[in-house]
1. Could you give me the residue pairs with C-beta distances under 9 Å whose first residue belongs to segment 93-104 and is aromatic (Phe, Trp, Tyr), whose second residue is surrounded by 22 or more Cβ atoms within 10 Å (Cβ to Cβ) wherever it lies, and which are 6+ apart or on separate chains?
2. Hey, which of the helices (runs of 4 or more DSSP H) in segment 1-105, taking only ones fully inside, have at least 1 residues that are more than 15 Å from the chain's Cα centre (by Cα) and farther than 21 Å from residue 127 by Cβ?
3. Go through segment 83-106 and give me each residue that's surrounded by 14 or more Cβ atoms within 10 Å (Cβ to Cβ) and over 15 Å from residue 66 (Cα atoms).
4. Name the residue that is farthest from residue 169 (Cα to Cα), counting only residues in segment 57-82 that are open to solvent by 30 Å² or more (accessible area, probe 1.4 Å) and in contact with a Phe, Trp or Tyr (Cβ under 9 Å, 6 or more places away or on another chain).
5. Scan segment 166-179 and tell me whether some residue there is open to solvent by less than 50 Å² (accessible area, probe 1.4 Å), at negative phi and part of a strand (DSSP E or B).
6. Any residue in segment 145-153 that is surrounded by 18 or more Cβ atoms within 10 Å (Cβ to Cβ), more than 21 Å from residue 91 (Cβ to Cβ) and among the polar types (S, T, N, Q)?
7. Give just the number: which of (1) open to solvent by 30 Å² or more (accessible area, probe 1.4 Å); (2) of a type in the set (A, V, I, L, M); (3) in contact (Cβ under 8 Å) with a residue 12 or more places away in the chain does residue 121 not satisfy?
8. What is the one condition in (1) touching a Leu at 6+ places or on another chain (Cβ under 6 Å); (2) closer than 27 Å to residue 118 by Cα; (3) open to solvent by less than 60 Å² (accessible area, probe 1.4 Å) that residue 198 does not satisfy?
Amino acid sequence: MNTEVPTVQVIADVTVSLDGYIAGRNDGPDNGLGDGGSVLHEWMWKGSDPEGASLVRTAMERVGAVGMGNRTFRNIDNPKGWRAPDGSTFRTPVFVVRHAATPPVTKGETPFTFVTAGIEAAVAGARRASAGKAVSLMGGTVIRQALAAGLLDELCVHVVSVLLGGGVALFSVRSGGPIRLERLRSSDTHGATHLWYRVVRKEEHT
């Protein structure tokens, strides 16, 4: 069996409030974005911003597999599969980092594989399943773990002009020194400011 992991980009493409939250308080299966958190994704799905909609389409076409944490999986889990607010189904393979061993399952058109060996194993599996496209990571914990492990190549942050005042933070206090980012580009649409960064590897530091 060929166990070689192909070289594909690992990215995080995430929407965040101005005070740093990717979901509001009290997130859960029936409240996936937390209290007030739905405002974060209005720029994607409301249809009133053609430029924003174009960014979403381009980002989705780029992705061949997804990695997420158990909290994110819990919030998007649905018998009909992972579905967008507009009702469309995500068909890309999803690798879920969790502690409890669980057999793979397909819900609707979304195949889920559960990984107990940590972020490195999840990313490796997603790379193999990505058909050469990028692996996209979802959830604050998984993104932070990938950054700390040197696995993340690119970070795209969509900043929405709202202060949630609490909830699920994208970043938190961590050890190990600063992680440097190189800005690739930026743009503004009606609903958000979009920032793309390359993650600078430690060996590149001078």
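1. If the second residue must be surrounded by 22 or more Cβ atoms within 10 Å (Cβ to Cβ), the pairs left are 95/65; 95/66; 95/67; 95/68; 95/122; 95/123; 95/126; 95/135.
2. By residue number, 42-45, 50-62.
3. 102
4. Here the answer is 60.
5. yes
6. yes
7. (3)
8. (3)
The values are calculated or read from the model by the stated rules, or taken from the named source; none is laboratory data. Computed from a predicted structure; not experimentally measured. Here the Cβ is made from the backbone with ideal geometry for all residues, glycine too, and neighbour counts use every protein chain on show. Just the protein is used for accessible areas: all its heavy atoms, side chains included, with ligands, DNA and RNA removed. Shrake-Rupley method; radii C 1.70, N 1.55, O 1.52, S 1.80 Å.
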